[in-house]
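K.L.:
What follows is a structure written as structure tokens; I'll ask about it next.
The values are calculated or read from the model by the stated rules, or taken from the named source; none is laboratory data. Just so it is clear, the model here is predicted, and its values are computed rather than measured. Cβ placement follows ideal geometry from the backbone for every residue including glycine, while neighbour counts extend to all protein chains displayed. These accessible areas exclude ligands, DNA and RNA; they are computed on the full protein's heavy atoms, side chains included. Shrake-Rupley method; radii C 1.70, N 1.55, O 1.52, S 1.80 Å.
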Amino acid sequence: MLPAARAAALATALAGLLASPLARATDPFEIQVYDGTANAPGVPGLELHINTVPIGLKTAPTPEYPENAQTHFTLEPSLGLFRWWELGGYFEMALRGDQAFDYAGVKLRNKFVTPPGWDARWRLGLNIEFSLVPDTYDRGRWANELRPIVAWESPQLAFAFNPIVDTSFAGPDASAGPSFEPCVSLAYKVREAVSFGIEYYANLGPFSGFLPWQQEEQYIYEVVNLLSVPHFELNAGVGEGLTDASNRLVFKTILGYAWEKDPPKVAAVPPMTARR
């Protein structure tokens, strides 16, 4: 029989393992559902993502930092290359709970979408992303994300679905294979001024064997979007974790701007006067 001290240490380690996510976590730096839009050719854009975890997980798989009390910052420049192709990148920083400020990685993405006018309501696309992140924020370090995009929009409603496939190329998660991380958004628009909605994010684990419910990450966000300012994006929300493997409370904000020129206004031509 094990000594009492050794048994207690083993029980503590096992409890910490069960309380920590066993698969690569949902991305805490970019909490966003892609809607199938892209910058016009030659148009640059810039987004700032600020995500704060006031009540979060206090344990994490070694060597990652626990997300409790962290704030994540992501600067995302983008450039439209064609009507169907946008190039973008991410530069990530983190403010830890001990107030240390860290570099948290870079990512490069290519987003391909159906061009404007393809359909009056539907938009489709695929975002391909490669990342290099310090192992203190992602123990896999090297990873790839494939994000299919399905979106539908009417004058009153906006819906988007991203069934993300995430693959780690290194670390302990690489041997498990790709994981499934779906996210969905549904919003109701009010006079094209604002929209209110919900967003859902999850990490269900590797396709080789989905995790038990309490070991999956599951989040619901209540969000508001500003629609009335041309070329400007504001998305803000409050998220609640639904499982033991999720952070309890998350605040998220996205600020964005695209330097797109408005079409020139055509002066009204007065009617011709009758000839005499």
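K.L.:
If I ask for residues that are in contact with a His (Cβ under 9 Å, 6 or more places away or on another chain) and among the aromatic types (Phe, Trp, Tyr), which ones from segment 90-121 would you list?
P.N.:
90
K.L.:
Which residues, taken from segment 169-181, are modelled with pLDDT under 95 and in a strand (DSSP E or B)?
P.N.:
Result: no residue meets the conditions.
K.L.:
Right, next: Output the residues belonging to segment 132-179 that are more than 25 Å from residue 58 (Cβ to Cβ) and of a type in the set (Ser, Thr, Tyr).
P.N.:
Across segment 132-179, the qualifying residues are 154, 167, 175.
K.L.:
Is one or more of the residues making up segment 3-25 within 30 Å of residue 124 (Cβ to Cβ), open to solvent by 30 Å² or more (accessible area, probe 1.4 Å) and at pLDDT 95 or above?
P.N.:
Within segment 3-25 (the criterion being within 30 Å of residue 124 (Cβ to Cβ), open to solvent by 30 Å² or more (accessible area, probe 1.4 Å) and at pLDDT 95 or above), the answer is no, since none of the residues qualifies.
K.L.:
Can I ask one more? Considering only residues of segment 165-192 that are more than 17 Å from residue 107 (Cβ to Cβ) and of a type in the set (Phe, Trp, Tyr), which is nearest to the chain's Cα centre (by Cα)?
P.N.:
Going through the qualifying residues, I end up with 180.
K.L.:
If I filter segment 55-67 down to residues being of a type in the set (Val, Ile, Thr) and part of a loop (DSSP other than H, G, I, E, B), which single residue comes out as least open to solvent (accessible area, probe 1.4 Å)?
P.N.:
Of everything passing the filter in segment 55-67, 59 is least open to solvent (accessible area, probe 1.4 Å).
K.L.:
Select from segment 104-137 the residues that are among the aromatic types (Phe, Trp, Tyr) and farther than 19 Å from residue 25 by Cα and list them in ascending order.
P.N.:
The answer is 112, 118, 122.
K.L.:
Now for a different question. Considering segment 93-147 alone, what residues qualify as being open to solvent by 40 Å² or more (accessible area, probe 1.4 Å), more than 17 Å from residue 74 (Cβ to Cβ) and free of Cβ contacts under 8 Å to residues at least 12 places away in the same chain?
P.N.:
98, 99, 117, 118, 119, 120
K.L.:
What are the residues in segment 236-276 that are under 30 Å from residue 86 (Cα atoms) and modelled with pLDDT under 60, if any?
P.N.:
Matches in segment 236-276: 266 only.
K.L.:
Quick one: count up the residues across segment 172-202 that are among the charged types (D, E, K, R) and either buried (at least 17 other Cβ atoms within 10 Å of the Cβ) or over 21 Å from residue 236 (Cα atoms) (or both).
P.N.:
Total meeting the criteria: 4.
K.L.:
Follow-up. Can you report the number of residues in segment 68-92 which are closer than 20 Å to residue 131 by Cα and open to solvent by 40 Å² or more (accessible area, probe 1.4 Å)?
P.N.:
7
K.L.:
Further question: I'd like the full set of residues that are among the β-branched types (Val, Ile, Thr) and open to solvent by 40 Å² or more (accessible area, probe 1.4 Å), limited to segment 214-243.
P.N.:
Of everything in segment 214-243, those that are among the β-branched types (Val, Ile, Thr) and open to solvent by 40 Å² or more (accessible area, probe 1.4 Å) turn out to be 220, 224, 229, 238.
K.L.:
Residue check, residue 211 against (1) surrounded by fewer than 16 Cβ atoms within 10 Å (Cβ to Cβ); (2) within 21 Å of residue 60 (Cα to Cα), all met but one. Which one?
P.N.:
Here residue 211 meets the rest and fails (1).
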